[in-house]
Amino acid sequence: MSERSDRDDEVDLIIDAWSRRLPDVDFTPLDVMSRLRRVSNRLGRLRATAFSGAGLAVWEFDVLAALRREEPPHELNPAQLIEATMIGSAAMTNRLDNLSRRGLVERRPNPRDGRSVLVRLTPEGATRVDDAMRRLAEREAVELRGLSREEQATLAGLLRRLVQDSE
């Protein structure tokens, strides 16, 4: 990597330092991946702030958002919620208990299978998750304000390829 300039960021400095210690290693991937990690960390904080402003924890948003994306009456069975949120069964049971106590979801018997239940988003749950999504969209727009719409589309396309290639 070239000599440090005023435009270097912390990742450039880290790569420069490692390049001096391990000159035989190509650190080019760190140029991208280290920045992605930093953006991911920042996005995590941004999401938590947006969701807490709507009175939700991140995990609550994830469950409520999965339900909200469904067509009315905005309901799924627990197995579908587990798949949509990528968490385990015991954790989902605990989350549904908490959300139910708060009046954000309700459980009802599944009319197609008396042994199972459906989880339905309540009006209060819909209001909260919609508020959280609006807050998130606003905050993410602020974060991306330094990029033009074209640059955002290019970045999204590149990230889409990266995600697809890793699956």
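The values are calculated or read from the model by the stated rules, or taken from the named source; none is laboratory data. Keep in mind it's a predicted model, so treat the numbers as computed, not measured. Please note: Cβ atoms are built from the backbone with ideal geometry, for glycine as well, and neighbour counts cover all protein chains shown. Side chains included, ligands, DNA and RNA excluded: accessible areas come from the protein's heavy atoms. Shrake-Rupley method; radii C 1.70, N 1.55, O 1.52, S 1.80 Å.
In nm, to one decimal, how far is the residue 115 label point from the residue 155 one, both placed 7 Å along Cα→Cβ?
Each label point is offset 7 Å from its Cα along the Cβ direction, giving 4.9 nm.
Counting only the backbone N, which residues of the range 29-58 are under 17 Å from the spot 7 Å out from the Cα of residue 139 toward its beta-carbon?
38-58
Shape of the range 58-122 from its Cα gyration tensor (a ≥ b ≥ c, root eigenvalues): rounded if a/c is under 1.5, otherwise prolate when a/b > b/c, or oblate?
rounded
If you take all C-alpha pairs in the chain, what percent of them are over 20 Å apart?
Value for the chain: 65 percent of Cα pairs lie more than 20 Å apart.
Keeping every protein chain in place, order 59, 18 by accessible area at 1.4 Å, biggest value first, i.e. largest first.
18, 59
Tell me what the chain gives for mean residue ellipticity at 222 nm when only DSSP H runs of n ≥ 4 count, each as -39,500 (n - 2.57), the sum divided by the residue total, rounded to 500 deg cm²/dmol.
About -21500 deg cm²/dmol.
Charges at C-beta only: +1 for Lys and Arg, -1 for Asp and Glu. How large is the resulting dipole of the chain about its Cα centre, in Debye rounded to 20? Spell out each step's value before the answer.
Values: 28 positive and 29 negative charges, 156 e Å.
In debye, rounded to 20, the chain gives about 760.
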